[in-house]
1. State whether one or more residues within the range 312-334 are of a type in the set (Gly, Ala, Ser) and touching an Asp or Glu at 6+ places or on another chain (Cβ under 6 Å).
2. Sort out which residues of the range 269-286 are surrounded by 18 or more Cβ atoms within 10 Å (Cβ to Cβ) and of a type outside the set (Phe, Trp, Tyr), and write them in order of number.
3. Quick check: anything in the range 186-206 in a loop (DSSP other than H, G, I, E, B) and touching a helix residue (DSSP H, G or I) at 6+ places or on another chain (Cβ under 9 Å)?
4. Taking into account only those residues within the range 207-225 that are in a helix (DSSP H, G or I) and touching a Lys or Arg at 6+ places or on another chain (Cβ under 9 Å), which is farthest from Leu318 (Cα to Cα)?
5. Report the residue count in the range 10-46 for those that are in contact with a Lys or Arg (Cβ under 9 Å, 6 or more places away or on another chain) and surrounded by 16 or more Cβ atoms within 10 Å (Cβ to Cβ).
6. Among the numbered criteria (1) at positive phi; (2) within 17 Å of the chain's Cα centre (by Cα), which single criterion is violated by Ala27?
7. Can you find, within the range 290-308, the residue that is nearest to the chain's Cα centre (by Cα) among those that are surrounded by fewer than 20 Cβ atoms within 10 Å (Cβ to Cβ) and part of a helix (DSSP H, G or I)?
8. Check whether at least one residue in the range 76-99 is in contact with an Asp or Glu (Cβ under 7 Å, 6 or more places away or on another chain) and either charged (D, E, K, R) or part of a helix (DSSP H, G or I) (or both), and report yes or no.
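Quick note: the coordinates plus some simple rules give every number you see, no bench work behind them. Every value quoted in this text rests on a predicted model; they were computed, and no experiment measured them. For neighbour counting, all protein chains shown are included, and Cβ atoms are generated from backbone atoms with ideal geometry for every residue, glycine included.
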Amino acid sequence: MAWRASILLAAPHRLAFLSGSLGLVAAAFWWPVRLGALHLGWAEPASGNLPAALLHAPVLLVQVYPAFIFGFLLTVFPRWMGQPDLTARQFGPASGAIAAGLAVTVIGLWTGTDAMIRIGFLTFAAGWALGLVALAAVVWDNSRSGKPPCWHAVSALAALTIGLGALLMVCAFLLGGDPRLLRWGNVLGLNGFILPVFLTVAHRMVPFFAGNVVQGYQRWRPDWLLAALWALLVLRIAGELTLLPALSGLAATGLAACTGVMAWKWWPRGPAPGLLQVLIWGVVWAPLGFALAALAAFGLPLGLAPTHALALGFAASLLVGMVTRVTHGHSGRPLAMVPLAWLAFVAVQLAAGLRIVAALKGELGWLLVIAAFAFAAGLLPWLVRNALIYMRPRRDGRPG
């Protein structure tokens, strides 16, 4: 056990990715069990006073996804700015609190213990704040060195700050019960945190990676595009929070156009490895999701289809690609999609497609259960394999 504990602090991604992997498994299987009880008459799991339907979104948006996001950003932030890797003293407190918070939350979900869910969210918020401070210090050191600003880091840091605000709103809802706080937290969690983080990372990672593996590839990632995405996301947040569909629809239209251009410009015009293809296919979900959001804002009855195209199709697809790349690259393995990673990616596509169809069919219960189980079962083998990697030394004998 001592060896495993020490290896989890050997690199910034290990403990955060491990907690994210285990948390995603627990949350992913908890949800179809809940849906089965609600729609298909299955035995009711242990329940508290907090409705399961209201916990599903915030657990994913401001706990499970962020565990992976912090593991990724704590790893790449110094490298983006040419600084030494963060030490265990710098990332350890944040990673530890994030892992503890997520673990307590999922135990609370499965046991129906409201107090544990509240403690889990509050503990995770403390870890988030510690991680934000560690990342902000890297950006501050870069600015003091006189180097040009790293706009990808600034963008990600802004999204993390908004995300912490979203998480605190969810915590306030859990403690006080005001449903407006939950809605605001979900709106900010998706549009001010999840989407800008993944769009920012894709803006940096996809052209860079493609330029290294596709012959004759022209890298395209102008800084103005990041600014345009942020302006449109802020406009969409304003429309969602003030309940102005026209404003939200206008922003979604612009985002669909921007991300559509991104997918077209980034598409490799030649043979490309599977890991790049997964990232590109994941990006394609963004214009589709924003287009659906625009249609919904202008009156088409699409239910939660746009939300799941973005939060599941787009975000989870990129998550599979990015986590696979970091897991392999930082364990001495080839940068390639192994069969279990392909299984996870296909499961995300299937689950997202089924979830969208279910939304278009008026939230058809049995289809919701199938979509949720497809997501959980398809990701399970990949997540278990990754978890074992995080608890083992690098294959090549290098530190980290």
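1. Among the residues of the range 312-334, at least one is of a type in the set (Gly, Ala, Ser) and touching an Asp or Glu at 6+ places or on another chain (Cβ under 6 Å), which makes the answer yes.
2. Residues satisfying the conditions are Ala272, Leu275, Leu276, Val278, Leu279, Ile280, Gly282, Val283, Val284, Ala286.
3. No.
4. Residues of the range 207-225 in a helix (DSSP H, G or I): 207-213, 223-225.
Add one more test, that the residue is touching a Lys or Arg at 6+ places or on another chain (Cβ under 9 Å), and what stays is 207-211.
Working: Pro207: 14, Phe208: 15, Phe209: 14, Ala210: 15, Gly211: 18 Å.
This residue is Gly211.
5. 2
6. (1)
7. Of the residues in the range 290-308, the ones surrounded by fewer than 20 Cβ atoms within 10 Å (Cβ to Cβ) are 291, 295, 298-304.
Narrowing further to those that are part of a helix (DSSP H, G or I): 291, 295.
Numbers: Ala291: 20, Leu295: 24 Å.
Step by step, filter the range 290-308, then rank; the result is Ala291.
8. Let us first name the residues in the range 76-99 that are in contact with an Asp or Glu (Cβ under 7 Å, 6 or more places away or on another chain), namely 78, 83.
Next, from what is left, pick out any that are either charged (D, E, K, R) or part of a helix (DSSP H, G or I) (or both): 78.
The answer is yes, given that some residue of the range 76-99 is in contact with an Asp or Glu (Cβ under 7 Å, 6 or more places away or on another chain) and either charged (D, E, K, R) or part of a helix (DSSP H, G or I) (or both).
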